[in-house]
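Below is one structure, written out as structure tokens; comments come after it.
The values are calculated or read from the model by the stated rules, or taken from the named source; none is laboratory data. Predicted, not measured: the structure shown is a model, and the values here were computed from it. Cβ coordinates were reconstructed from backbone atoms using ideal geometry, including for glycine residues, and neighbour counts include every protein chain displayed.
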Amino acid sequence: MSPRRWARQAALRVGRALATTGIVLLAHGYDLVMKPSPRTVRRLAGSRAARTAREAAERQVRDVVRTYAALPFLELRLLALEDTCSGGGGWGFDTGEQHRISCTLRAAAYYTVSPDVGTALEDLPFVIGRTLTWDTPDGTAVDEVRTCTRKNDPPVHRCLREGELLTVNELRSTYGPVLRLTLHPVTYFRKGR
């Protein structure tokens, strides 16, 4: 390869690398400039609109959890809720639109089963947006309660655990087989730019 051709190819490689780096830096800079401050996120998360939406979302989650608890063979033992509001930056991958803040509620309810899981499963309502997992005789067990991603800091982040016993292992050793109802995350509040 001639020195001139080698130099031209090297210059092209350097140019491509610089162009890629420039695009990444530009996107990162855009995110930094457009991302709302923690103070703005806290203000929006505490707004009347966010509070109203949060209360409605939690009420719906608790209604679903109570519906399952009303079944004669299930006993609600533990409810885990995690509510997080975060500032957006750049374009949202899920909607293709920018947002200043997005608030999401995650919920899982843990029940004990009587007389046995197999019989109970025949009568359980399976609905889209809900996932049921349970302890099986072959040794497959319900996972431990998800650890909160951050400490409580309302209104930006809430982590709630309600129940007499707060781990799946405690439930299992005290009451027997455990069934977990996981509700798909609910984005209950989103404010655009």
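To keep it simple, each residue is scored yes or no on (1) over 30 Å from ILE101 (Cα atoms); (2) in contact with a Phe, Trp or Tyr (Cβ under 9 Å, 6 or more places away or on another chain); (3) among the basic types (Lys, Arg).
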| site | (1), (2), (3) |
| --- | --- |
| ASP135 | yes, no, no |
| ASN152 | no, no, no |
| HIS157 | no, no, no |
| GLU164 | yes, no, no |
| THR167 | yes, no, no |
| ARG172 | yes, no, yes |
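Across the stretch 173-183, what is the total count of residues that are touching an Asp or Glu at 6+ places or on another chain (Cβ under 7 Å) and not in a loop (DSSP other than H, G, I, E, B)? First the steps, then the outcome.
First pass over the stretch 173-183, keeping only residues touching an Asp or Glu at 6+ places or on another chain (Cβ under 7 Å): 177-178.
Remaining after also requiring not in a loop (DSSP other than H, G, I, E, B): 178.
Adding up the residues that qualify gives 1.
Are any residues in the stretch 65-96 under 21 Å from THR40 (Cβ atoms) and modelled with pLDDT of 95 or more, and if so, which ones?
Across the stretch 65-96, the qualifying residues are ASP83, THR84, CYS85.
Can you tell me which condition VAL156 does not meet? The list is (1) more than 13 Å from GLU82 (Cβ to Cβ); (2) touching a residue at least 40 places away in the same chain (Cβ under 8 Å); (3) not charged (D, E, K, R), and all the others hold.
Failed condition: (1).
Go through (1) assigned to a helix (DSSP H, G or I); (2) within 22 Å of ALA45 (Cβ to Cβ); (3) of a type in the set (Val, Ile, Thr) for VAL186 and report which single condition fails.
Only one criterion is unmet by VAL186, namely (1).
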